[in-house]
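Notes follow the structure.
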Amino acid sequence: VSVETEDHLSDDQIIQAVVDEDDLPAPFKVHLSTCPRCRAEKARLEGDLAFVGQLARRSAPVLQRPMALTAGRPKALQWAASWPGRMAVGLAVSAGLVLLLIGSGLLRLPYPAGVQGPAVSPSQSDRLMAEVTDLVENPLPPVYQDMCGEPLWSSDEGFLQFIVPSTNSDPLSHDVGKKGVGKC
Amino acid sequence: MGETEATVTGIIQTMRLVDRQSRAGPSGKGSEDMTALVVRAKAGSRDSLERLVDRFQEDIFRMAYYRIGSRMDAEDVTQEVFVQVCRNLGRLRDAERFRAWIFSIAVNRVRDFHRKRRVREVLGMMRSRQETDGSPGPASGHGGPLQRVEHQEFLKRLRRFLEGLSRAEREVFQLRFMDQLSIREMADVLKKNQSTIKTHLYRALAKFKKDPYLRDLKGGSCRER
């Protein structure tokens with residue numbers, strides 16, 4: 001392609017030069033290096049883009065909270081703080097409590113065969129079951145449940161982390177998941 | 001033409017100076033080699049790690065802010081980025097690529113933020129901070145009233161321009177011209193090859209060149225359109 005001084009670079013070639021001048025075909029590169037008009041055109045576009053960057057710096061708010069430099073909790077603690085971790089910890093604590101109560105004799109297991117439990121009159125248990133059935137079959141309307149109860153999903157960060165696990169892939173790291181690597 | 005060229009060259013030089021100063025950190029530690037700092041931090045130097053945080057916290061915060069639109073949420077994301085940097089620095093292969101590495105962490109955290117926001121919206125537990133912290137407007141107390149108007153006008157035009165780009169074009173435009181990353185760094189951050197990055201960048205610039213709305217700001221015109 002013959003490039004004369006009068007044949008200035010097109011808009012597309014100017015953009016290509018701004019993206020990466022080395023990608024321009026050699027004749028255009030030579031032209032660009034010698035033509036003040038094309039150089040000025042390229043510099044103008046670069047200047048506009050630099051100005052956008054400058055304004056972006058000036059227009060962003062100032063960071064008000066200094067970054068705390070912590071390594072975070074150890075992995076075991078992180079897991080325990082997560083939503084499934086909390087469930088597991090809760091179950092373990094409950095089981096431990098039950099065992100403790102049984103061990104201390106405060107909680108008695110169902111009566112062995114042949115031993116009678118306390119007598120409960122059939123009318124009492126019938127009355128209780130009737131009350132339970134009544135409550136189950138006639139719950140509060142949803143609007144009252146919203147007013148007086150906890151929402152089904154709380155805005156819990158751990159729960160969200162469970163639903164939406166973090167993206168951790170990056171190509172510049174190695175030893176991902178290896179124990180004892182990179183802890184500070 | 002000569003005068004215009006000189007003005008543009010001046011702006012570019014100023015930008016480069018600002019860029020160098022911002023990378024040097026708030027206390028002017030420009031001469032310090034960042035790679036050496038990363039190597040020392042990897043070896044366990046707390047002081048070096050703190051200096052790295054000093055150098056990058058504003059850049060990462062700004063990057064998050066322009067993608068999230070809320071100062072408080074951007075601060076949270078920035079904090080998460082540095083916790084992850086602190087935890088995983090030992091896994092960084094090449095200390096010279098620390099900048100790309102930290103930006104790739106930030107990009108992932110911002111994506112996580114948006115995914116969580118979508119889940120919150122679905123579950124009806126969205127709590128918008130945009131209403132409370134005045135974002136995405138400029139910082140309160142940041143310059144005089146005229147400057148604030150200029151900032152708001154810039155943000156409005158920027159948002160409008162970015163909305164006209166595809167997701168990939170927007171990503172590369174922001175990383176290149178707002179976060180000042182090189183083509184190679186962008187390729188690392190976005191896990192794409194350099195020619196793909198250049199293609200997206202080329203398309204974004206073609207739209208930028210045709211869109212006078214944002215470019216007009218340089219002439220100081222803040223008139224309403």
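Observations, loosely collected:
- Set B:V77, B:V53, B:V85, B:V81: member being part of a helix (DSSP H, G or I) and closer than 23 Å to B:E163 by Cβ: B:V77
- Segment A:1-79 holds helices (runs of 4 or more DSSP H) entirely within its bounds, and those carrying 1 or more residues that are in contact with a Phe, Trp or Tyr (Cβ under 7 Å, 6 or more places away or on another chain) and at pLDDT 90 or above map to A:11-19, A:36-59.
- Subset of segment B:41-66 [in contact with a helix residue (DSSP H, G or I) (Cβ under 6 Å, 6 or more places away or on another chain) and without any contact (Cβ under 8 Å) to a residue 12 or more places away in the chain]: B:S48
- One residue stands out in segment B:85-108 among those that are over 15 Å from B:L37 (Cα atoms) and at the interface with chain A (Cβ under 8 Å from one of its Cβ atoms): the one that is surrounded by the fewest Cβ atoms within 10 Å (Cβ to Cβ), namely B:R87.
- Being polar (S, T, N, Q) and at pLDDT below 65 is a property that A:Q116 has.
- Number of the exception - B:L165 against (1) closer than 21 Å to A:I15 by Cα; (2) crowded, with 21+ Cβ neighbours inside 10 Å; (3) not β-branched (V, I, T): (2)
- Which numbered condition B:S135 fails, given (1) surrounded by fewer than 20 Cβ atoms within 10 Å (Cβ to Cβ); (2) within 11 Å of chain A (Cβ to nearest Cβ); (3) at pLDDT below 90: (1)
The values are calculated or read from the model by the stated rules, or taken from the named source; none is laboratory data. These numbers come from a predicted model, not from an experiment. Reconstructed Cβ throughout: ideal geometry from the backbone, glycine too, with neighbour counts over all protein chains shown.
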